[in-house]
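Accompanying notes for the structure given below.
The values are calculated or read from the model by the stated rules, or taken from the named source; none is laboratory data. Predicted model, so just to flag it, every value in this text is computed and none were measured. Positions of Cβ are backbone-derived with ideal geometry, glycine not excepted, and every protein chain shown enters the neighbour counts.
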């Protein structure tokens with residue numbers, strides 16, 4: 001079975017709060033990495049790109065706002081969804097966080113249920129390929145909760161890389177992606193894979209889809225897209 005768990009980076013220096021968030025994230029069946037400073041967070045980001053960052057405003061060393069500014073200035077990471085976590089409740093502080101590039105803002109104390117709901121809403125908006133909504137395209141159905149794919153109602157066998165590629169294309173139907181974009185979005189910018197390897201995975205995906213293989217279209221000189229015809 002394919003595996004495609006959402007990954008959350010928690011940047012929070014209060015151990016009790018970090019533990020509470022980590023528990024809630026794991027209960028939602030997501031992976032998480034918890035660190036206590038901006039420096040540790042950058043070390044994680046140099047090796048792994050998560051799907052979302054939960055960022056505390058007040059951190060030792062570089063502040064959460066400073067970290068966010070650096071994140072938004074980084075070409076590879078500037079689109080990473082970020083929710084600010086802070087005890088600051090003043091309206092001007094919220095405005096500052098949003099103006100600096102935060103996607104959402106939640107004030108401490110907060111309920112774990114509200115936090116998980118905010119995360120789900122942001123992932124649906126910013127990264128639909130990481131949501132838990134069933135995807136449909138022509139005869140193809142992809143169930144992200146069970147990590148299963150069906151063609152004309154029949155479950156098919158599909159490899160993990162091909163599953164992730166199909167899920168990304170189904171989340172962005174009719175949009176053309178270059179091989180480089182697919183490498184970055186599907187496998188991550190820190191994974192060492194050559195662009196021509198994408199072609200191999202596309203061939204394997206088409207083979208797995210059998211009668212629906214024509215839906216993975218080659219756009220000459222550019223890359224690939226999922227057609228809904």
*Could you check residue 78 against (1) surrounded by 15 or more Cβ atoms within 10 Å (Cβ to Cβ); (2) touching a helix residue (DSSP H, G or I) at 6+ places or on another chain (Cβ under 8 Å); (3) at pLDDT below 90 and say which number it fails?*
(1)
*Check off (1) over 25 Å from residue 168 (Cβ atoms); (2) buried (at least 16 other Cβ atoms within 10 Å of the Cβ) for residue 33 and give me the number that stays unchecked.*
(1)
*asked:* Condition (residue is outside any helix (DSSP H, G or I), under 20 Å from residue 5 (Cα atoms) and without any contact (Cβ under 8 Å) to a residue 40 or more places away in the chain) applied to the stretch 150-159: is it met by at least one residue?
replied: yes
*asked:* Residues to consider are 86, 96, 107; find the one that is within 22 Å of residue 17 (Cβ to Cβ), surrounded by fewer than 17 Cβ atoms within 10 Å (Cβ to Cβ) and either in the same structural domain as residue 198 (by TED's automatic domain parsing) or in contact (Cβ under 8 Å) with a residue 24 or more places away in the chain (or both).
replied: 96
*Considering every residue within the stretch 177-192, establish whether at least one is farther than 30 Å from residue 75 by Cβ, surrounded by 15 or more Cβ atoms within 10 Å (Cβ to Cβ) and at pLDDT below 90.*
no
*Could you check residue 68 against (1) assigned to a helix (DSSP H, G or I); (2) surrounded by fewer than 18 Cβ atoms within 10 Å (Cβ to Cβ); (3) in contact (Cβ under 8 Å) with a residue 12 or more places away in the chain and say which number it fails?*
(2)
